[in-house]
Amino acid sequence: MEVDDQNATTETEQSESHGRSSSLASVSRGAGLFLVGKGTDNALRLGLNIVLTRGLGEGLFGVYSYGYVILSIVRTVTNLGTDTSILKFLPQYSEQKPKQNQMLGLALLTSLVGSLLISGFIFFGAPFITRLTLKNPLLTDVLRILALVLPFTTLSNILQTVFKALELPEYQVLLMNVVTPTVRLLLIAVPIFLGYKLLSVVAASVAASIVVFVATVSLFASRTAFRPTLRGSRGDVVEFYNYSLPLTLTQAGAILANRIDLLMVGIFISEGSTVGIYKAALVVAGMLVLPLSAFNQIFPPVASRLYTNGKTAELQSLYQQLTRWIFTVALFFALGAIVYSKEILFIFGEGYTDGSSILVLFALGQLANAAVGPSGFLLMMTDHQYLSLVNRWGLGILNVICNYVFIQEFGVIGAALATASVLALINFARVAEVWYTEGLFPYSRRFVKPIVAGIATGLIMYGFRSLFSGYPLLVVGGGVGFCVFSALLLAAGIEEEDHEFFSMCVSYVRDASVTHD
């Protein structure tokens with residue numbers, strides 16, 4: 001009898017170990033593919049922003065960026081939270097194809113209607129928005145051109161999210177991180193090099209979005225068996241919107257928490273050049289989100305599956321591992337952005353180096369963002385969307401208040417200070433909420449290793465400022481810093497789970513490269 005119990009225990013442990021490995025493999029596969037794609041994406045987008053900043057100058061680049069900020073804000077609410085709903089319902093009803101088709105049909109119809117309504121609002125309200133913000137007549141034309149592309153980008157996002165929900169990130173990576181930036185760079189570079197200015201560049205950007213939409217529809221039709229429909233029970237419709245509509249309000253709160261700063265800079269400072277400098281710092285800081293974005297590509301459906309199946313221990317282990325890995329990778333890049341902020345911004349042009357203090361604040365905010373791992377998605381995937389709603393709106397309103405007060409007191413640097421502070425606050429609030437509601441906590445003593453390595457690396461990188469300047473400082477200081485950071489982590493010892501993760505990533509990257517060849 002005791003032997004049977006021991007065998008049963010062993011089998012259970014092996015089953016749990018296999019489950020953890022399977023979940024880790026799925027997330028690692030998505031992260032590995034995303035890192036390859038996002039590395040390409042970052043390089044292409046950096047090239048695009050350099051072309052724009054040097055081709056348009058600070059003033060026109062500021063108008064261009066402000067138009068896209070407004071577009072990105074309204075695009076957040078055009079789909080009424082249906083993109084996140086897809087991440088939950090497609091894995092949840094994996095054995096019920098008709099119900100999956102209905103959920104997808106509701107998402108597409110909702111997104112189409114919402115995007116058309118918002119497009120009309122932007123097109124006809126463009127003069128009012130211009131008077132309220134930059135007071136530059138060019139902004140009216142920019143907004144009207146961008147309004148035409150909103151339905152295409154909204155529907156593209158929904159279809160690309162389907163691949164993420166199916167744990168097939170290679171297709172989403174291909175579309176979002178390779179096709180989109182490549183097409184935009186190629187089409188936008190043409191009018192820039194021919195000497196055309198702002199409106200021609202915006203029109204080229206719209207054309208690029210339409211090309212991406214066509215590519216997305218083609219890939220969706222050929223690589224999935226879904227046939228979206230609206231047929232289904234009323235209860236299914238209620239279930240869908242009961243989940244998605246609170247997420248709309250949550251995403252609207254996210255706008256106040258994360259994007260209102262640039263909008264308020266345009267309203268209260270009203271200088272295109274200031275907006276351009278602020279945006280350049282945002283572009284660089286946005287690259288620090290790469291490790292978090294990589295794991296978030298596939299974590300939500302995996303978390304939803306584990307939570308639905310009651311595998312809390314496996315979910316806790318995965319949550320802890322991913323948070324540490326995300327923080328470790330982000331830490332080195334944040335150090336570079338903080339120590340070499342002026343040198344990095346000089347890449348965009350000499351006038352952009354005035355934003356170095358802004359970049360430092362954003363780097364600190366994004367480091368705090370990375371330090372909490374996938375807590376935000378975990379909160380939503382464990383059916384706490386209403387708590388997430390309260391969380392977002394409370395801190396979003398706080399961000400508006402802080403931005404207003406700090407901009408009046410400190411100018412443009414006040415906007416960066418307010419947003420970075422609120423970004424850190426909202427993320428650590430998520431950690432507390434996940435721990436309180438589900439008993440899941442992302443931290444352990446293993447976090448000490450990257451923190452110590454980061455402090456030592458930062459001091460060494462700063463020391464190179466006395467030896468080099470400009471681009472040589474970036475190359476030499478950054479290269480030595482990377483080697484030191486890696487060596488310190490290796491000297492501190494690599495965990496067994498880290499060996500497993502890196503071997504999986506290398507394997508999937510190698511397989512992807514072979515397949516591509």
Handout entry: Likely footprinting exposure, W325, W435, W393, fewest C-beta neighbours within 10 Å first
Key = W435, W393, W325
Handout entry: ³J(HN,Hα), Karplus 6.51/-1.76/1.60, whole Hz, each residue of region 231-243, x for Gly, Pro
Key = 6, x, 7, 5, x, 5, 5, 4, 4, 4, 6, 5, 8
Exercise for the section: Using only the alpha-carbon atoms of region 436-478, report the extent along each of the three principal axes, biggest first, to the nearest angstrom. Expected result: 50, 17, 12
Problem - Cleavage-rule hits, trypsin sites (Lys or Arg not before Pro), region 212-311, DSSP coil, Cβ neighbours within 10 Å at most 12 - result: R231
Exercise for the section: For Y462 paired with T224, estimate the spin-label separation in nm (one decimal), with each label point 7 Å from Cα along the Cα-to-Cβ line. Expected result: 4.9
Practice task
Take the Cα atoms of region 381-434, find their three principal axes, and give me the spread along each one in whole Å, biggest first.
Solution key: 40, 15, 13
Exercise for the section: Mind checking the full-extension length gain between I50 and S94? Use 0.36 nm per residue of separation minus the Cα-Cα distance, one decimal, nm. Expected result: 11.5 nm
Fill in the blank from the handout: Computed over all unlike Cα pairs, the Kirkwood hydrodynamic radius of the chain in Å stands at 24.1
Handout entry: Equivalent-ellipsoid semi-axes of region 370-411, from the Cα gyration tensor, Å, largest first
Key = 28, 13, 4
Exercise for the section: Could you work out the relative contact order of the chain, using alpha carbon pairs under 8 angstrom and six or more residues apart, expressed as a whole percent? Expected result: 21
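Read-outs: derived from the displayed coordinates by stated rules, not from any lab. Quick caveat: nothing in here was measured; it's all calculated off a predicted structure. Cβ coordinates were reconstructed from backbone atoms using ideal geometry, including for glycine residues, and neighbour counts include every protein chain displayed.
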